[in-house]
Amino acid sequence: MHFIDLESQYNYLKEKIDARIHNVLDHGKYIMGPEVFELEEKLADYVGVKHAITCANGTDALTLAMMVLDVKKGDAVFCPTFTFFATAETIAFANATPIFVDSDEATFNICPKDLEVQINKVISEGKLKPKAIISVDLFGLPANYPELEVIAKKYDLKLIEDAAQGFGGSINGKMAGSFGDIATTSFFPAKPLGCYGDGGAIFTNNDDYAALLRSYCVHGKGEDKYDNVRIGMNSRLDTIQAAVLLEKLAEFPIELVNRNKVAEKYEKELSNKFITPQIPEGYTSSWAQYTVCSQKDRELDMLDYQRQGIPTMVYYRTCMHQQTAFHYLGYKEGDYPIAEKLSSKVFSLPMHGYFNYLNDDA
Ligand SMILES: *Cc1c(COP(=O)(O)O)cnc(C)c1O
């Protein structure tokens with residue numbers, strides 16, 4: 001059994017994907033080819049935003065967001081401690097200071113209450129300028145944007161949605177990727193919408209941000225490609241990856257339905273054994289991971305599955321405040337009790353849209 005079955009997905013979409021790739025090989029526009037712009041239009045449509053700008057990966061997408069929002073030394077940027085490293089890394093990479101926030105136990109996402117506590121701590125210490133929040137749609141579930149948007153407004157902070165895992169999720173019909181000032185996603189192969197290599201995208205309704213992003217991701221280009229008006233980076237999505245994504249995006253809504261069927265099945269079978277993920281009223285998840293909390297010993301529970309030939313994974317064993325690279329920030333064990341508990345109890349089960357039995361059930 002596969003943890004994520006990219007093989008079945010490819011076999012199912014093979015003719016379409018192969019044709020798309022061959023088309024790129026025929027026209028030869030490997031960088032910034034027509035597929036890139038076709039994809040950007042379709043992504044913007046799907047997410048329901050004005051601008052989708054593709055780039056090289058989800059980490060660059062966050063870094064580009066930091067550049068556009070002018071995040072710099074002396075700034076405090078708040079993010080959950082229970083997340084993938086890249087979320088916090090890009091804050092430090094921008095020379096700003098990451099301020100970690102505890103999790104909401106039921107959703108695994110950033111806790112709005114603790115966020116406000118951390119913001120007030122930074123304000124009262126008076127050393128750093130509170131600048132922005134990066135919230136993460138962990139395991140596919142959008143963070144609590146109704147509350148996060150109120151807090152961002154109250155403290156005049158920019159809000160960035162890290163939808164690397166959340167792409168496809170929604171709150172009351174509003175899609176992940178459309179929350180906050182800027183949202184980012186990743187097309188790493190294992191994400192809900194993945195390509196066959198690295199890829200990423202940035203979403204915004206702000207025309208000025210979009211223009212800046214298009215410049216920053218191509219060496220800070222001006223009107224003329226060889227007139228560079230700012231320091232940028234080289235972060236583009238390859239045309240071949242855009243071609244793959246066009247076919248995968250077309251299939252994505254159906255895959256989401258299947259992923260939700262898998263989640264329902266898990267819920268039925270496992271809710272008396274583990275603490276299963278609960279989706280708040282009005283929310284949908286793209287189920288980047290199906291993550292449960294062990295009631296007893298996680299390692300034993302995982303061993304049980306291993307014996308049955310079912311792969312499991314742990315996302316994440318180490319919170320950001322426990323990472324070696326962030327020791328300099330001076331956090332200690334016990335600083336974020338909920339996140340620490342989650343990191344010691346969670347594990348994830350296979351999740352994708354291509355389980356065989358699904359067709360039989362439908
Ligand atoms: C995967 C991921 C990223 C980074 O995406 P890459 O494309 O691998 O650079 C950022 N944030 C979160 C929450 C992720 O899961």
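FYI, it's all coordinate maths here, none of it is from the lab. What you see is a predicted model, and the numbers here were worked out from it, not measured in a lab. Here the Cβ positions follow ideal geometry from the backbone for every residue, glycine too, while neighbour counts run over all protein chains shown.
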Fill in: Residue that is surrounded by the fewest Cβ atoms within 10 Å (Cβ to Cβ) [pool: residues in region 40-86 that are within 13 Å of GLY177 (Cα to Cα) and within 9 Å of the ligand (Cβ to nearest atom)]
GLY58
Item to complete: Could you please give the count of residues in region 199-231 that are assigned to a loop (DSSP other than H, G, I, E, B) and either surrounded by fewer than 17 Cβ atoms within 10 Å (Cβ to Cβ) or out of contact with any helix residue (DSSP H, G or I) (no Cβ under 8 Å at 6 or more places or on another chain) (or both)?
Response: 13
Discussion item. If I filter region 21-29 for residues that are away from the ligand (no atom under 16 Å from the Cβ) and either hydroxyl-bearing (Ser, Thr, Tyr) or surrounded by 20 or more Cβ atoms within 10 Å (Cβ to Cβ) (or both), do I get at least one hit?
Written reply: yes
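Name the one entry in ALA152, ALA210, ALA164 that is within 14 Å of the ligand (Cβ to nearest atom) and either of a type in the set (S, T, N, Q) or within 21 Å of LEU64 (Cα to Cα) (or both). Please lay out each step first, then the result.
Values: ALA152 fails: within 14 Å of the ligand (Cβ to nearest atom); ALA210 fails: within 14 Å of the ligand (Cβ to nearest atom).
On inspection, the qualifying residue turns out to be ALA164.
Can you go through THR318, THR291, THR284 and tell me which one is within 16 Å of the ligand (Cβ to nearest atom), β-branched (Val, Ile, Thr) and surrounded by 19 or more Cβ atoms within 10 Å (Cβ to Cβ)?
On the way: THR318 fails: surrounded by 19 or more Cβ atoms within 10 Å (Cβ to Cβ); THR284 fails: within 16 Å of the ligand (Cβ to nearest atom).
The conditions single out THR291.
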Worksheet item: Could you count how many residues in region 103-138 are surrounded by fewer than 23 Cβ atoms within 10 Å (Cβ to Cβ), among the aliphatic types (A, V, I, L, M), without any contact (Cβ under 8 Å) to a residue 40 or more places away in the chain and closer than 30 Å to PHE274 by Cβ?
Response: 1
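Go through region 30-39 residue by residue and tally those that are within 16 Å of the ligand (Cβ to nearest atom) and either among the small types (Gly, Ala, Ser) or surrounded by fewer than 19 Cβ atoms within 10 Å (Cβ to Cβ) (or both). Break it down stepwise before answering.
In the first step, residues of region 30-39 are kept if they are within 16 Å of the ligand (Cβ to nearest atom); the result is 39.
In the following step, the residues that additionally are either among the small types (Gly, Ala, Ser) or surrounded by fewer than 19 Cβ atoms within 10 Å (Cβ to Cβ) (or both) were identified as none.
Of the residues in that region, 0 qualify.
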Discussion item. Name the residue that is surrounded by the fewest Cβ atoms within 10 Å (Cβ to Cβ), counting only residues in region 90-102 that are touching a helix residue (DSSP H, G or I) at 6+ places or on another chain (Cβ under 7 Å) and more than 17 Å from LYS121 (Cβ to Cβ).
Written reply: PHE93
